[in-house]
Structures are given as structure tokens and as C-alpha cells.
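Each remark here refers to the structure printed beneath this line.
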Amino acid sequence: MSSLALAQHVLVDVLVGSSCALAVIGTWAMLAMRDDYQRLHYLALASMVAPALLALALLVAHPSTQAIKPLATALLLGAASTVLTHATARACRVRAVGSWSGILARVPGADRGVPRLPVPASPPPPPGPGVP
Amino acid sequence: MSTWDVAAGALLLALLPCLLLAWAARDPVTRLIGVEGASAVATMLLMALAQDWDRASYLDLPFVLALLTYGGTLVYTRFVERWL
């Protein structure tokens, strides 16, 4: 085995090992955290950093056009993770506070620019027994 | 046993807490976080298995999974925010 092939092999092993270690640490830490906001922080470790390292390992192992697919997958996961983390934190806050600007509404002018959620209309009461 | 075999085993170990959260958490948002983590780890697992079995065409599967997970989780997040 040439020194270049050996270096490639070692680099692949290091990248795969760090990727898997980060995924395991992130997910188990997610389980150990107290609330959902803390869980979302550790979710980013498993959904952004670890796939990027794994895609890099695949690129180093097989530097060809086939490596575009894992790179695209890692990019997609990274982009989706940011949006999904924000959306999940928003859902958590709306469920806890009642609206997106629930806490900010107590401070005058602090909710400027924050979109307010439309309140869903309550269903009409059911008709009484005498109404046809 | 190759590096990718070990990676697949480690990723299965990483999948376990996500499934536990999705299965046993009380709050729906916590379950959703478990599902998000499980989908990310499952995507990585499919990438590792495709490399382990030396089938380049199998790399389409994690890409499609990541794409569909994005839309599905976003819809479910909106649903959790409004209705559950």
C-alpha cells in the first residue's frame, strides 16, 4: 500500500469515526436534556455536522462524480436542519406562550415586525333541540 | 468487518435515543424532535450502507429521504403548532 493510499484510508477512518461519534453523542445528549430548546441544540450536532463529515469521508473514499450525491444530501440536510429547528422552536414557543409574540407583547414596541398568527375562528355552537 | 460496517452499527446506536424520544415522550413537540433526529440519523445510515454494499445507485435513497423529510416535518410542525 502506497503512502498516499494509506493516508487516504486513515483520513476516511478519522472522518467516519468523528461523524459517528458526533451522531451518537448528539442523540444521546438529546435524550438527556431537560427541555425541548436544549434538545434542539444537540439535534444540530447529529443533523448538520455529522452528515457533512460522512459526506466528506465518502468524497475522500471515492473521489468521482458519484460523490456528488452524498455531498448534495449533506447540503440538503444542513439547509433543512436550520429551517426545521427554527420551525420546531417556534411551535414549542407557541404551545407554551399561546402566540408567537406572546411575551414580546408585554414590552411596548418590542414585537414590531413580528408576524402575528391569525387566531383560528371558533366553531359555531351546535343548534338546540328546537331548531330545525 | 469494514469501517462502514462499524459506522452502520454506531449509527444504529445513535438511532435508539431518537426512537425512544419519538415513542415515549409526553409532549408532541418532543416527539417531533425525536422524529427529526431519527430521520437525520437514518439518512446517514443509508449513506453508510450504500457505501458498505458498494452500490452507488443506493445513494439516491438517502437523498430522497432527506428531501421528503424536510417537507413532511415542516407540515407536521405546523400541525403541532396549531392543532395538537
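Positive end of the dipole of chain B, charges at C-beta (+1 Lys, Arg; -1 Asp, Glu), about the Cα centre: which of B:S57, B:L11, B:A38 has its Cα farthest in that direction? About the Cα centre, the residue reaching furthest to the positive side is B:A38.
Around the Cα centre of the protein assembly as shown, unit charges on the Cβ atoms of Lys, Arg, Asp and Glu (plus for the first two, minus for the last two) sum to a dipole of about 940 debye. Database remark: amide H of B:D27 closer than 5 angstrom to no amide H (H placed geometrically; neighbours at sequence offset of 5 or more, or on other chains; Pro and chain starts carry no H).
Determine the distance separating the Cα centre of segment A:1-64 from the Cα centre of segment B:26-84; give it in Å without decimals. Comparing the Cα centres of segment A:1-64 and segment B:26-84, I get a distance of 17 Å.
Take chain B and mark each of the chymotrypsin sites (Phe, Trp or Tyr not before Pro) that is in a DSSP loop with at most 15 other Cβ atoms within 10 Å; the longest unmarked stretch, sites excluded, is B:1-52.
Principal semi-axes of the equivalent ellipsoid, √(5λ) from the alpha carbon gyration tensor of the protein assembly as shown, are 42, 18, 16 Å from largest down. Of all stretches in chain B that contain no trypsin sites (Lys or Arg not before Pro) in a DSSP loop with at most 15 other Cβ atoms within 10 Å, the longest one is B:56-84. Per-residue ellipticity at 222 nm from helix content only, as computed over the protein assembly as shown with -39500 (n - 2.57) for each DSSP H run of at least four residues, stands at -24500 deg cm²/dmol. The relative contact order of chain B, computed from alpha carbon pairs under 8 Å that lie at least 6 residues apart in sequence, is 29 percent.
Note on segment B:4-84: Cα convex hull, mean projected area over all directions, 5.1 nm².
Only the coordinates and a few stated rules stand behind these numbers; no lab work does. As the structure is a prediction and not an experimental result, all values here were calculated from the model. Every residue, glycine as well, gets a Cβ built from its backbone with ideal geometry; the counts of neighbours run over all protein chains shown.
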